[in-house]
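Below: the structure, in structure tokens.
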Amino acid sequence: MTRQPKSLALLLLLCLLLVWPANGDAAESEIPVDVARERIAAEFSRMDSALRQTAEKLGTVGLKGEPARKALRGLCAAFPYAVDCTAIDTRGVMLTVEPHQYRHAEGTNIADQPQVARVLQQKTPVLSSLFRAVEGFAAMDAEHPVFTPDGQLIGSVSLLFKPEILLEKQIKPLVADLPVSIWVMNREGQILYDEDQTQIGLNLFLARLYQPFPQLIQLGRQLVEQPNGEGEYEFPASPSAEPVRKKALWRTAILYDAQWRLVMTHMEQEKSGQKIGGDLPVLSPEGALDSLAQERSLAVMLHRNDRKKILEILKGFYEETPGIYSVQWVDAQGINRLGYPEENSLTDYDFRAGRRLGDAKFLHAVYKRQATQLAEPMFEGVPGRFDLRPVFWNNEYQGMVYIVRIR
């Protein structure tokens, strides 16, 4: 008996289609970068609320003593990416630090740190840039002023944290199995998060790694000036690889006086149909897909789950079929196993999990076991088209092979 999907949600990011909208309502969007922005904004809101409540407690109990330590321990415990929490007086002296392993920093004057000077001078919450803390590592510092019940400023409360841990928790699960990546930069050009951890902490405008890529530097300037936008640049897909062309779409998450740019990227691919042979007639994409679904060799490889051979067959189809974005295989259970180009395809993506809008609709088409066409708007506002064909081996259903087109 076929298992039915457990959750409803609309159509899979349309295969994630990786075509960006110039603008749009992020609240209704399922583009990964928009979802990431919403999640990080929610985490920022939680951080602000906790800092404000802790500041109110310290304003009542003071910056030293066990009640202050208890308040700081509670603040740190609420955030898994927090390193330590500190009560700082108006001179910039760290009076109380929790947890206990960082108490050695008590008594240190950090008045020369920009965020400490700003919070005490402006008397408003601030978020620092990435800097080397007195505790001995790179971190960021969210600070909230502390006032007594009668309104007297007595210092600030600090939440020192590692942004890459915060960001990885929100971003990594979001882009798992999807042909996109997200990196994060602040307006100073500091890389706060990247899948390549060696880039975290580098400055886009200063690090030698980025200097051979002027388009990336120019994109960085756009990121500084524009809270939302899109662009293109060249950069290696991995440290040892040749440069590839990437499309970028970015959004902004804000906490206090700081803005983080969340940049979603996708590698551009060579157009399909580049190896059409001689004077042979060219089938329509639908006709070519019908033929592919009937190929015995494909059915055998799907039955064996021979990923290498399947990918070779799909690659050949892509190279001989003009006008398609990708060709992919979703198995009978509703798991999108692979596709070509791999950078335009989902890998082991489980539609049953309902991670994206529309998974249920796509899953229904798979379970229906009939030739199906789905037409949905792409994220850039133009219509997209998905043509699915069932594949059988000795009357055993192997799932759907399908093509994606941007119309």
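Amide H contacts under 5 Å for residue 30: none, restricted to partners 5 or more places along the chain or on a different chain, H placed in the peptide plane at 1.01 Å from N. Listed by Cβ neighbour count within 10 Å, with the fewest neighbours leading, 153, 202, 75 appear as 153, 202, 75. Out of 359, 387, 306, any idea which swings most in a Gaussian network model of the chain, alpha carbons joined below 10 Å? Comparing 359, 387, 306 in a Gaussian network model of the chain, the most mobile one is 306. Segment residue 319..residue 52, full-extension length gain: 90.3 nm, with 0.36 nm per residue of separation and the alpha-carbon distance subtracted. A simple packing score, the average count of other Cβ atoms within 10 Å per residue, orders the peptides 89-97, 261-269 as 261-269, 89-97, with the highest score first.
Per-residue ellipticity at 222 nm for the chain, helices alone: DSSP H runs ≥ 4 residues times -39500 (n - 2.57), over residue total, nearest 500 deg cm²/dmol? If you can, show how the numbers build up before the last one.
Details: 10 runs with 123 residues, N = 407.
-9500 deg cm²/dmol, from helical runs alone.
Between the listed residues 126, 366, 250, the Cα displaced farthest toward the positive end of the dipole of the chain, a dipole computed from Cβ unit charges relative to the Cα centre, is found at 366.
The numbers here are math on the coordinates, done by the rules we state, and not lab data. All values derive from a computational prediction rather than experimental measurement. Note that each Cβ is placed from the backbone with ideal geometry, even for glycine, and that neighbours are counted across all protein chains shown.
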